[in-house]
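The values are calculated or read from the model by the stated rules, or taken from the named source; none is laboratory data. Note that the coordinates shown come from a computational prediction; the quantities given were computed from them, not determined experimentally. Don't worry about glycine lacking a Cβ; one is built from the backbone with ideal geometry, like all the others, and counts go over all protein chains shown.
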Protein chains: 2
Amino acid sequence: MASSSVVRPEEIRRHNLGLLLRQIHRHGELTRAELTTLLGLNRSTIGGLVTDLVNLGVVTEYVPAGRDRAGRPSYVVAPREEGPYVLAVEVEVERIVSAAVGLGGRVHARRETNTQDGPTTPAAAAAQVSRDARWLAARMPPSAVLFGAGVSVPGTVRRADGLVVHAPNLEWREVPFSELLRKSLGGELDVQVGNDANLGALAEHQRGAARGLDNVIFINGSVGVGGGVIVDGSELHGVGGYAGEIGHIMLNPEGPPCHCGSTGCIETYIGEHALLRQAGVTGAFGPLAAAAVFADAERGDARAAGAVAHVALWLGRTLATLVNVFNPEALIVGGTLADVVRLERAIVEGEVDRRAMAAARAGVRILTPGLGQESSLIGASELAFQALLAAPDAGLTMSSTGGAAAN
Amino acid sequence: MASSSVVRPEEIRRHNLGLLLRQIHRHGELTRAELTTLLGLNRSTIGGLVTDLVNLGVVTEYVPAGRDRAGRPSYVVAPREEGPYVLAVEVEVERIVSAAVGLGGRVHARRETNTQDGPTTPAAAAAQVSRDARWLAARMPPSAVLFGAGVSVPGTVRRADGLVVHAPNLEWREVPFSELLRKSLGGELDVQVGNDANLGALAEHQRGAARGLDNVIFINGSVGVGGGVIVDGSELHGVGGYAGEIGHIMLNPEGPPCHCGSTGCIETYIGEHALLRQAGVTGAFGPLAAAAVFADAERGDARAAGAVAHVALWLGRTLATLVNVFNPEALIVGGTLADVVRLERAIVEGEVDRRAMAAARAGVRILTPGLGQESSLIGASELAFQALLAAPDAGLTMSSTGGAAAN
């Protein structure tokens, strides 16, 4: 229980329903016995809660095969195949990815579109996502209900209403993308928008490399460098939702100018452009250009290797600062920076050893993402599911047939 | 309700008892009508909870004078004068301050001792605090119960057991000060130890400049530069309790060496030594030496004024980084740095304008402490009261006479 709110008896059932569904969502499926242990509630209470979730159409129960020996079988509770799903979207500079994701984080279907001729406009992105939504719906069971949508954007997003304040590499400014996409999808659906690195942190914490760790930082490096922070198991939002702009920590006031208006930001030392500049690459950008530098470095090309080592040094300095400020259990380094860790871990770790305070340094691990390149997409699905997981009985209408309808 | 724990009906009363006592502790005193509004519970539930707290000996009720007109009077609920109190201690390089603090943050008595001949040893500090505790107890009502002790230390403190991992300016390393002081005080008392800046943040949030703000950073500048962070109303501890080492964010890899082993840490740019060095002061240290520089600057001394402006510039850079990382509502700048803000606010704000991201910058205020030099001392009392405020009925024995005894 948090310390700031009164608890009323009538809220307990809703709270416990959400708690049980979150466990199933996190673990994929669980037996009733496991639920009893995890939640510390008795068997009959668990039974009642499971029955409610079955009637809401979100979970199903089955007896596992091969367990027909004597004694009562322990039912397995799992997300229902035809149950609610969400539309998860990742808008990137070069592509848009849409997916239909069910409870438990299961990706039912996925569609990827390359955006040509420069970054996509908000209107074009909304139109593409609407086409994707229809394409995905056609691949889902007819009774499956689309509960909501979550969108990952590489930029600053206002938490209250999903306004994209600034996404420099998309060249979006003050774009009410949540509203745009809601209209484009028919005006009914709940559409949540979040920053890509924040959503990456959410997903890695929920079901990636940081599962079971409650103080974690996810650093996402591509052209921009973003961060998402989990503090005591919860996302760090800040007052407006803008927290985690790790790329704009100043590492050197005499450093290169940054698009944000400052100089010597972390992004100017460890972003993709810095890697390519150090490697002497001109006229090529994007993940493929960065991948070519990593391949050259692995083949022993001195200039490419030097560029990777240079970025590794500054990445280590960045991580040391984050260790001192947050005292996390893990730092998860994603995007192109994951390859920097892969190739030059000793440099990165050495610089953290040198610059982080000993007590905090001792407890931290440097990891790469457990969800590969999909952290932000899965994070977008988590964002879309949050309302359902907080109050399963408020978001869906209970039905005696076990089907569900979004309110 | 937090999302991670099951709620059982029998826990509700304890939860609500703590909630009510925390409101009284925070506000000093409240009428039953105000409690009803604040907590959203009905009159009879509030009445029952207040009666429990009266029987525990922690609060008292009275009818305010001048309210004898017709109608039911609204009782005022206030901390009981003879109720439980805590021993709050601030260990600094030059002095030890001890105080007897009651619920509501009321300082009943206070004692200050200068420590001569260099920093105090742990044993000498524990002995002094024990003398202070007896001195303070003699000034409290005989029935007042000492509930616990809280100690502020300028160093890294392990949260689990209050081990002082390293307090560089005290020259303490791996000191189990919590255990030392507990033994020195007779072996019975609960003794909590915390970092000075973390405790300053706690106090400023509870009853200082950050009251009512839930995303706040407290920066405490003296010889060292520490930080305490409040995220969504809770303290940022990190996994071991070492979070908030803002003084050791690297601002420049080519910068001066820092005692922590790194180079170019914030502390080397805005700590007291940096100010004195810039001002050309040699052979003098401590708050008085810094105060002399500020006085010189105010009188128009060019070198002193230049030193303050230099620190102001780097302080602005520090705050910009904190705005980008945390998106707080307020930055509270204390210690000698409060004078830097007072004298050169335009430089500080200008650098934040230049270097912080616009959306996060727009929502942040730069403040000085509401509790003056006492933030960490009051924070130590808050730390000592936490167990009582979490579960008032667990920490004290209920008595029919309204008196209390610590369990």
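Within the range B:216-227, can one find any residue that is at positive phi and not acidic (Asp, Glu)?
no
Looking at (1) within 14 Å of chain B (Cβ to nearest Cβ); (2) under 19 Å from A:Ser130 (Cα atoms); (3) not in a loop (DSSP other than H, G, I, E, B), which is the one condition that is false for A:Val151?
With respect to (1) within 14 Å of chain B (Cβ to nearest Cβ); (2) under 19 Å from A:Ser130 (Cα atoms); (3) not in a loop (DSSP other than H, G, I, E, B), A:Val151 is out only on (1).
Output the residues belonging to the range B:371-386 that are small (Gly, Ala, Ser) and either buried (at least 18 other Cβ atoms within 10 Å of the Cβ) or within 13 Å of chain A (Cβ to nearest Cβ) (or both).
Here is the first cut: in the range B:371-386, the ones small (Gly, Ala, Ser) are B:372, B:375-376, B:379-381, B:384.
Once the filter is applied, which keeps residues that are small (Gly, Ala, Ser) and either buried (at least 18 other Cβ atoms within 10 Å of the Cβ) or within 13 Å of chain A (Cβ to nearest Cβ) (or both), the range B:371-386 yields B:Ser375, B:Ser376, B:Gly379, B:Ala380, B:Ser381, B:Ala384.
To keep it simple, each residue is scored yes or no on (1) of a type in the set (D, E, K, R); (2) more than 22 Å from the chain's Cα centre (by Cα); (3) in a helix (DSSP H, G or I).
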| position | (1), (2), (3) |
| --- | --- |
| B:His310 | no, yes, yes |
| B:Leu315 | no, no, yes |
| B:Ile332 | no, no, no |
| B:Val341 | no, no, yes |
| B:Ala359 | no, yes, yes |
| B:Ser381 | no, no, yes |
| B:Phe385 | no, no, yes |
| B:Leu389 | no, no, yes |
| B:Ala394 | no, yes, yes |
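Just checking, does the range A:82-92 include any residue being out of contact with any Gly (no Cβ under 7 Å at 6 or more places or on another chain), free of Cβ contacts under 8 Å to residues at least 24 places away in the same chain and over 30 Å from A:Ile246 (Cβ atoms)?
no
Do you know which residues across the range A:163-185 are of a type outside the set (Phe, Trp, Tyr) and under 18 Å from B:Met357 (Cβ atoms)?
A:Leu163, A:Val164, A:Val165, A:His166, A:Ala167, A:Pro168, A:Asn169, A:Leu170, A:Glu171, A:Arg173, A:Glu174, A:Val175
Could we say that B:Thr45 is over 21 Å from the mean Cα position of the chain (by Cα), free of Cβ contacts under 8 Å to residues at least 40 places away in the same chain, more than 30 Å from B:Leu163 (Cβ to Cβ) and surrounded by fewer than 14 Cβ atoms within 10 Å (Cβ to Cβ) here?
No.
Report the residue count in the range B:353-370 for those that are β-branched (Val, Ile, Thr) and at the interface with chain A (Cβ under 9 Å from one of its Cβ atoms).
Looking only at that region, the number is 1.
Going by the conditions given, is B:Gly350 over 22 Å from B:His237 (Cβ atoms), touching a Gly at 6+ places or on another chain (Cβ under 7 Å) and modelled with pLDDT of 95 or more?
Yes, satisfied.
State which residue is nearest to B:Phe177 (Cα to Cα) when the search covers only the range B:195-207 and only residues that are touching a Ser or Thr at 6+ places or on another chain (Cβ under 6 Å) and not charged (D, E, K, R).
B:Leu199
Are any residues in the range B:360-377 modelled with pLDDT of 95 or more and either on the phi > 0 side of the Ramachandran plot or touching a strand residue (DSSP E or B) at 6+ places or on another chain (Cβ under 7 Å) (or both), and if so, which ones?
B:Val364, B:Arg365, B:Ile366, B:Leu367, B:Thr368, B:Pro369, B:Ser375, B:Ser376, B:Leu377
Listed here are the residues, each with its yes/no results for (1) in contact (Cβ under 8 Å) with a residue 24 or more places away in the chain; (2) within 25 Å of A:Val239 (Cβ to Cβ); (3) surrounded by fewer than 21 Cβ atoms within 10 Å (Cβ to Cβ).
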| residue | (1), (2), (3) |
| --- | --- |
| A:Val151 | yes, yes, no |
| A:Val157 | yes, yes, no |
| A:Gly162 | yes, yes, no |
| A:His166 | no, yes, yes |
| A:Arg173 | no, yes, yes |
| A:Glu179 | no, yes, yes |
| A:Gly186 | no, no, yes |
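For the condition exposed (fewer than 15 other Cβ atoms within 10 Å of the Cβ), at pLDDT 95 or above and either within 10 Å of chain B (Cβ to nearest Cβ) or under 23 Å from A:Ala346 (Cβ atoms) (or both), what is the one hit in A:Ala302, A:Ala279, A:Ala320?
So the residue among A:Ala302, A:Ala279, A:Ala320 that is exposed (fewer than 15 other Cβ atoms within 10 Å of the Cβ), at pLDDT 95 or above and either within 10 Å of chain B (Cβ to nearest Cβ) or under 23 Å from A:Ala346 (Cβ atoms) (or both) is A:Ala302.
Which condition number in (1) out of contact with any Asp or Glu (no Cβ under 6 Å at 6 or more places or on another chain); (2) farther than 22 Å from B:Pro84 by Cβ is the one that B:Pro119 fails?
The number of the failed condition is (1).
Six or more apart or on different chains, Cβ under 7 Å: which pairs go from a residue in the range A:233-247 that's in contact (Cβ under 8 Å) with a residue 12 or more places away in the chain to one that's charged (D, E, K, R) and buried (at least 24 other Cβ atoms within 10 Å of the Cβ)? Could you list them?
Matching pairs, first to second residue: A:Gly247/A:Glu267.
So which of A:Asn198, A:Asn220 is assigned to a strand (DSSP E or B) and polar (S, T, N, Q)?
A:Asn220
If a residue must be within 19 Å of B:Gly155 (Cα to Cα) and at the interface with another protein chain (Cβ under 7 Å from one of its Cβ atoms), how many such residues does the range B:245-276 contain?
Qualifying residue count, the range B:245-276: 8.
Conditions tested, residue by residue: (1) surrounded by fewer than 17 Cβ atoms within 10 Å (Cβ to Cβ); (2) under 25 Å from B:Leu383 (Cβ atoms); (3) more than 26 Å from the chain's Cα centre (by Cα).
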position	(1), (2), (3)
B:Asn16	no, yes, no
B:Arg32	no, no, yes
B:Val58	no, yes, no
B:Pro64	yes, no, yes
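I'd like the full set of residues that are more than 15 Å from A:Gly104 (Cα to Cα), among the small types (Gly, Ala, Ser) and outside any loop (DSSP other than H, G, I, E, B), limited to the range A:361-379.
Residues satisfying the conditions are A:Ala362, A:Gly372, A:Ser376.
Considering the range A:81-102 alone, what residues qualify as being of a type in the set (D, E, K, R) and at pLDDT 95 or above? Break it down into steps so the answer makes sense when it comes.
Keep residues of the range A:81-102 that are of a type in the set (D, E, K, R), which gives A:81-82, A:90, A:92, A:94-95.
Of everything in the range A:81-102, just one residue is of a type in the set (D, E, K, R) and at pLDDT 95 or above, namely A:Glu90.
Going through the range B:283-304 one residue at a time, which ones are over 25 Å from B:Ala209 (Cβ atoms) and touching a Leu at 6+ places or on another chain (Cβ under 8 Å)?
Across the range B:283-304, the qualifying residues are B:Ala284, B:Phe285, B:Ala289.
Looking at B:Val175, B:Val164, which one is in contact with a Lys or Arg (Cβ under 9 Å, 6 or more places away or on another chain), within 14 Å of chain A (Cβ to nearest Cβ), aliphatic (A, V, I, L, M) and more than 25 Å from B:Gly264 (Cβ to Cβ)?
Details: B:Val175 fails: in contact with a Lys or Arg (Cβ under 9 Å, 6 or more places away or on another chain).
The conditions single out B:Val164.
For (1) under 16 Å from the mean Cα position of the chain (by Cα); (2) farther than 26 Å from A:Gly227 by Cα; (3) in the same structural domain as A:Arg365 (by TED's automatic domain parsing), each residue gets a yes or a no:
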position	(1), (2), (3)
A:Val101	yes, no, no
A:Val107	yes, no, no
A:Ser143	no, yes, no
A:Val165	no, no, no
A:Gly194	yes, no, no
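Listed residues A:Asp132, A:Asp190, A:Asp214, A:Asp196; which is touching a residue at least 60 places away in the same chain (Cβ under 8 Å), buried (at least 22 other Cβ atoms within 10 Å of the Cβ) and among the charged types (D, E, K, R)?
On the way: A:Asp132 fails: touching a residue at least 60 places away in the same chain (Cβ under 8 Å); A:Asp190 fails: buried (at least 22 other Cβ atoms within 10 Å of the Cβ); A:Asp214 fails: buried (at least 22 other Cβ atoms within 10 Å of the Cβ).
Answer to the check: A:Asp196.
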